[in-house]
1. Hey, among 65, 4, 55, 92, which residue is at pLDDT 75 or above and assigned to a helix (DSSP H, G or I)?
2. Before we move on, is residue 24 closer than 28 Å to residue 192 by Cα, touching a strand residue (DSSP E or B) at 6+ places or on another chain (Cβ under 8 Å), modelled with pLDDT of 50 or more and surrounded by 16 or more Cβ atoms within 10 Å (Cβ to Cβ)?
3. How about the stretch 95-125: which of its residues are closer than 19 Å to residue 21 by Cβ and assigned to a loop (DSSP other than H, G, I, E, B)?
4. Which residues, taken from the stretch 175-185, are touching a residue at least 12 places away in the same chain (Cβ under 8 Å) and surrounded by fewer than 18 Cβ atoms within 10 Å (Cβ to Cβ)?
5. What are the residues in the stretch 183-216 that are out of contact with any helix residue (DSSP H, G or I) (no Cβ under 9 Å at 6 or more places or on another chain) and within 21 Å of residue 5 (Cβ to Cβ), if any?
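The values are calculated or read from the model by the stated rules, or taken from the named source; none is laboratory data. Note that this is a predicted model, so its numbers are computed, not measured. Here the Cβ is made from the backbone with ideal geometry for all residues, glycine too, and neighbour counts use every protein chain on show.
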(Lines give C-alpha, C1' and ligand atoms only; values in the text may rest on other atoms or scores of the structure.)
Protein backbone atom coordinates (compact mmCIF):
# COMPACT_ATOMS: atom_id res chain seq x y z
CA UNK A 1 0.00 0.00 0.00
CA UNK A 2 1.37 3.43 -0.98
CA UNK A 3 1.79 6.47 1.18
CA UNK A 4 -1.23 8.47 2.22
CA UNK A 5 -1.55 11.55 0.06
CA UNK A 6 -1.04 14.95 1.65
CA UNK A 7 -3.98 17.13 0.65
CA UNK A 8 -4.13 20.85 1.36
CA UNK A 9 -7.58 22.35 0.83
CA UNK A 10 -7.85 26.12 0.80
CA UNK A 11 -11.11 27.96 1.35
CA UNK A 12 -10.69 31.70 1.02
CA UNK A 13 -12.48 34.99 1.04
CA UNK A 14 -12.28 36.81 -2.24
CA UNK A 15 -9.38 39.25 -2.26
CA UNK A 16 -7.63 37.64 0.71
CA UNK A 17 -4.78 36.17 -1.33
CA UNK A 18 -5.79 32.53 -0.97
CA UNK A 19 -5.04 31.52 -4.55
CA UNK A 20 -1.64 33.23 -4.36
CA UNK A 21 -0.82 31.26 -1.21
CA UNK A 22 -2.10 28.04 -2.77
CA UNK A 23 0.18 28.35 -5.79
CA UNK A 24 3.16 29.26 -3.61
CA UNK A 25 2.58 26.20 -1.40
CA UNK A 26 2.30 23.88 -4.40
CA UNK A 27 5.60 25.20 -5.79
CA UNK A 28 7.34 24.92 -2.43
CA UNK A 29 6.19 21.37 -1.76
CA UNK A 30 6.31 20.05 -5.31
CA UNK A 31 2.59 19.31 -5.12
CA UNK A 32 0.02 19.43 -7.89
CA UNK A 33 -2.13 22.58 -7.86
CA UNK A 34 -5.81 22.15 -8.71
CA UNK A 35 -8.22 24.94 -9.48
CA UNK A 36 -9.32 25.37 -13.10
CA UNK A 37 -8.00 21.89 -13.84
CA UNK A 38 -10.95 20.54 -11.85
CA UNK A 39 -13.32 22.24 -14.29
CA UNK A 40 -11.38 20.84 -17.26
CA UNK A 41 -11.67 17.30 -15.91
CA UNK A 42 -15.37 17.80 -15.18
CA UNK A 43 -15.86 18.91 -18.79
CA UNK A 44 -14.25 15.68 -19.95
CA UNK A 45 -16.61 13.59 -17.82
CA UNK A 46 -19.67 15.43 -19.07
CA UNK A 47 -18.45 15.43 -22.67
CA UNK A 48 -18.92 19.18 -22.94
CA UNK A 49 -16.69 22.02 -23.98
CA UNK A 50 -14.86 23.59 -21.07
CA UNK A 51 -16.00 27.05 -22.16
CA UNK A 52 -19.65 26.04 -22.02
CA UNK A 53 -19.23 24.67 -18.49
CA UNK A 54 -17.32 27.76 -17.49
CA UNK A 55 -20.49 29.75 -18.07
CA UNK A 56 -22.08 27.67 -15.32
CA UNK A 57 -19.12 27.70 -12.96
CA UNK A 58 -17.69 31.18 -13.28
CA UNK A 59 -19.43 34.20 -14.72
CA UNK A 60 -20.05 37.86 -14.06
CA UNK A 61 -23.59 39.06 -13.74
CA UNK A 62 -25.66 42.23 -13.57
CA UNK A 63 -24.10 45.44 -12.36
CA UNK A 64 -20.87 43.64 -11.43
CA UNK A 65 -20.26 42.73 -15.07
CA UNK A 66 -20.69 46.35 -16.12
CA UNK A 67 -18.28 47.48 -13.42
CA UNK A 68 -15.61 44.86 -13.96
CA UNK A 69 -15.46 44.32 -17.72
CA UNK A 70 -13.49 47.52 -18.48
CA UNK A 71 -10.85 46.52 -15.96
CA UNK A 72 -10.43 42.95 -17.27
CA UNK A 73 -10.37 43.51 -21.03
CA UNK A 74 -6.91 44.44 -22.16
CA UNK A 75 -5.32 44.13 -18.74
CA UNK A 76 -1.59 43.41 -18.92
CA UNK A 77 -0.36 39.89 -18.28
CA UNK A 78 1.50 39.32 -15.05
CA UNK A 79 3.30 36.47 -13.30
CA UNK A 80 0.31 36.13 -10.96
CA UNK A 81 -3.06 35.74 -12.64
CA UNK A 82 -5.85 36.60 -10.16
CA UNK A 83 -8.95 34.40 -9.97
CA UNK A 84 -12.16 35.31 -11.79
CA UNK A 85 -14.31 37.91 -10.07
CA UNK A 86 -17.38 35.80 -9.52
CA UNK A 87 -18.31 32.13 -9.39
CA UNK A 88 -21.71 30.50 -9.95
CA UNK A 89 -22.26 26.77 -9.45
CA UNK A 90 -25.19 24.42 -9.81
CA UNK A 91 -25.79 21.06 -8.15
CA UNK A 92 -24.92 18.91 -11.16
CA UNK A 93 -21.57 20.55 -11.80
CA UNK A 94 -20.74 20.55 -8.09
CA UNK A 95 -21.34 16.81 -7.83
CA UNK A 96 -19.19 16.09 -10.89
CA UNK A 97 -16.41 18.31 -9.60
CA UNK A 98 -16.65 16.52 -6.25
CA UNK A 99 -16.00 13.22 -8.04
CA UNK A 100 -12.96 14.78 -9.70
CA UNK A 101 -11.71 16.05 -6.33
CA UNK A 102 -12.16 12.61 -4.79
CA UNK A 103 -10.04 11.06 -7.55
CA UNK A 104 -7.38 13.74 -7.11
CA UNK A 105 -7.29 12.96 -3.40
CA UNK A 106 -6.59 9.30 -4.15
CA UNK A 107 -3.81 9.99 -6.66
CA UNK A 108 -1.82 13.10 -5.85
CA UNK A 109 -0.26 15.10 -3.07
CA UNK A 110 -1.99 18.34 -3.91
CA UNK A 111 -3.28 21.80 -3.13
CA UNK A 112 -6.98 22.09 -3.97
CA UNK A 113 -8.73 25.43 -4.14
CA UNK A 114 -12.31 26.01 -3.03
CA UNK A 115 -15.25 23.90 -4.23
CA UNK A 116 -15.93 22.63 -0.68
CA UNK A 117 -12.97 20.25 -1.12
CA UNK A 118 -12.59 19.99 2.65
CA UNK A 119 -16.04 18.43 2.87
CA UNK A 120 -15.52 16.20 -0.17
CA UNK A 121 -12.24 14.80 1.18
CA UNK A 122 -13.32 14.57 4.82
CA UNK A 123 -11.70 11.68 6.68
CA UNK A 124 -8.49 11.49 4.62
CA UNK A 125 -5.56 11.03 7.06
CA UNK A 126 -3.33 13.47 5.18
CA UNK A 127 -5.87 16.28 4.98
CA UNK A 128 -4.87 19.84 5.91
CA UNK A 129 -7.80 22.28 5.75
CA UNK A 130 -6.93 25.96 5.63
CA UNK A 131 -9.16 29.03 5.69
CA UNK A 132 -7.61 32.23 4.32
CA UNK A 133 -9.40 35.44 5.28
CA UNK A 134 -8.76 39.13 5.83
CA UNK A 135 -10.64 42.25 6.94
CA UNK A 136 -12.88 43.82 4.33
CA UNK A 137 -10.66 46.88 3.92
CA UNK A 138 -7.60 44.77 3.15
CA UNK A 139 -9.50 42.83 0.51
CA UNK A 140 -11.00 45.95 -1.06
CA UNK A 141 -7.57 47.52 -1.39
CA UNK A 142 -6.09 44.37 -2.86
CA UNK A 143 -8.88 43.99 -5.41
CA UNK A 144 -8.48 47.61 -6.44
CA UNK A 145 -4.79 47.00 -7.05
CA UNK A 146 -5.06 43.63 -8.82
CA UNK A 147 -8.01 44.48 -11.06
CA UNK A 148 -7.13 48.16 -11.40
CA UNK A 149 -10.42 49.43 -10.02
CA UNK A 150 -10.21 53.08 -8.99
CA UNK A 151 -13.48 53.31 -7.04
CA UNK A 152 -13.28 51.82 -3.54
CA UNK A 153 -17.08 51.70 -3.20
CA UNK A 154 -17.39 49.56 -6.33
CA UNK A 155 -14.61 47.26 -5.16
CA UNK A 156 -16.44 46.97 -1.84
CA UNK A 157 -19.62 45.88 -3.64
CA UNK A 158 -17.66 43.12 -5.36
CA UNK A 159 -16.24 41.89 -2.05
CA UNK A 160 -19.65 41.93 -0.34
CA UNK A 161 -21.39 40.13 -3.18
CA UNK A 162 -18.69 37.47 -3.32
CA UNK A 163 -19.06 36.84 0.42
CA UNK A 164 -22.83 36.51 0.13
CA UNK A 165 -22.70 34.24 -2.92
CA UNK A 166 -20.04 31.96 -1.46
CA UNK A 167 -21.96 31.65 1.80
CA UNK A 168 -25.13 30.66 -0.10
CA UNK A 169 -23.20 28.19 -2.25
CA UNK A 170 -21.60 26.33 0.66
CA UNK A 171 -24.87 26.31 2.59
CA UNK A 172 -26.74 24.86 -0.40
CA UNK A 173 -24.12 22.32 -1.45
CA UNK A 174 -22.52 21.29 1.85
CA UNK A 175 -25.11 22.35 4.42
CA UNK A 176 -22.74 24.35 6.57
CA UNK A 177 -21.40 27.82 7.35
CA UNK A 178 -18.18 28.12 5.34
CA UNK A 179 -16.78 30.69 7.80
CA UNK A 180 -17.15 28.34 10.81
CA UNK A 181 -13.51 28.05 11.84
CA UNK A 182 -14.15 24.77 13.65
CA UNK A 183 -14.22 23.16 10.20
CA UNK A 184 -10.57 24.02 9.51
CA UNK A 185 -7.23 22.96 10.93
CA UNK A 186 -5.76 26.41 10.38
CA UNK A 187 -7.29 29.87 9.91
CA UNK A 188 -5.07 32.75 8.80
CA UNK A 189 -5.78 36.47 8.82
CA UNK A 190 -3.70 37.64 5.87
CA UNK A 191 -3.57 41.26 6.97
CA UNK A 192 -2.06 40.26 10.28
CA UNK A 193 0.13 37.36 9.14
CA UNK A 194 1.32 38.47 5.71
CA UNK A 195 2.05 36.13 2.82
CA UNK A 196 5.42 34.80 3.98
CA UNK A 197 4.29 33.89 7.49
CA UNK A 198 1.03 32.41 6.16
CA UNK A 199 2.92 30.07 3.89
CA UNK A 200 5.31 29.09 6.68
CA UNK A 201 2.41 28.27 9.02
CA UNK A 202 0.83 25.93 6.49
CA UNK A 203 4.18 24.27 5.77
CA UNK A 204 4.70 23.70 9.49
CA UNK A 205 1.30 22.06 9.78
CA UNK A 206 2.03 19.89 6.73
CA UNK A 207 5.28 18.77 8.40
CA UNK A 208 3.31 17.79 11.50
CA UNK A 209 0.84 15.76 9.44
CA UNK A 210 3.66 14.05 7.52
CA UNK A 211 5.35 13.13 10.80
CA UNK A 212 2.17 11.57 12.16
CA UNK A 213 1.86 9.55 8.96
CA UNK A 214 5.47 8.43 9.14
CA UNK A 215 6.46 10.53 6.15
CA UNK A 216 8.82 12.95 7.87
CA UNK A 217 12.28 13.73 6.59
CA UNK A 218 12.42 14.31 2.86
CA UNK A 219 10.13 15.34 0.03
CA UNK A 220 6.54 14.18 -0.09
CA UNK A 221 5.59 11.71 -2.83
CA UNK A 222 3.79 13.48 -5.66
CA UNK A 223 3.01 10.50 -7.84
CA UNK A 224 -0.13 8.45 -8.26
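1. On the way: 65 fails: at pLDDT 75 or above; 4 fails: assigned to a helix (DSSP H, G or I); 55 fails: at pLDDT 75 or above.
Of 65, 4, 55, 92, the one residue that is at pLDDT 75 or above and assigned to a helix (DSSP H, G or I) is 92.
2. Working: closer than 28 Å to residue 192 by Cα: yes; touching a strand residue (DSSP E or B) at 6+ places or on another chain (Cβ under 8 Å): no; modelled with pLDDT of 50 or more: yes; surrounded by 16 or more Cβ atoms within 10 Å (Cβ to Cβ): yes.
Criteria not met by residue 24.
3. If the condition is that a residue be closer than 19 Å to residue 21 by Cβ and assigned to a loop (DSSP other than H, G, I, E, B), then 108, 109, 114, 115, 116, 121 are the ones that fit.
4. Step one: list which residues in the stretch 175-185 are touching a residue at least 12 places away in the same chain (Cβ under 8 Å), which gives 176, 178-179, 181, 183-185.
176, 179, 181, 185 - these are the residues of the stretch 175-185 that are touching a residue at least 12 places away in the same chain (Cβ under 8 Å) and surrounded by fewer than 18 Cβ atoms within 10 Å (Cβ to Cβ).
5. Hits for the stretch 183-216 are 204, 205, 207, 208, 209, 210, 211, 212, 213, 214.
Per-residue answers, yes or no, for (1) under 13 Å from residue 14 (Cα atoms); (2) buried (at least 18 other Cβ atoms within 10 Å of the Cβ); (3) in contact with a strand residue (DSSP E or B) (Cβ under 6 Å, 6 or more places away or on another chain); (4) modelled with pLDDT of 90 or more:
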{"position": "117", "(1), (2), (3), (4)": "no, yes, yes, yes"}
{"position": "123", "(1), (2), (3), (4)": "no, no, no, no"}
{"position": "130", "(1), (2), (3), (4)": "no, yes, yes, yes"}
{"position": "139", "(1), (2), (3), (4)": "yes, yes, no, yes"}
{"position": "145", "(1), (2), (3), (4)": "no, no, no, yes"}
{"position": "193", "(1), (2), (3), (4)": "no, no, no, yes"}
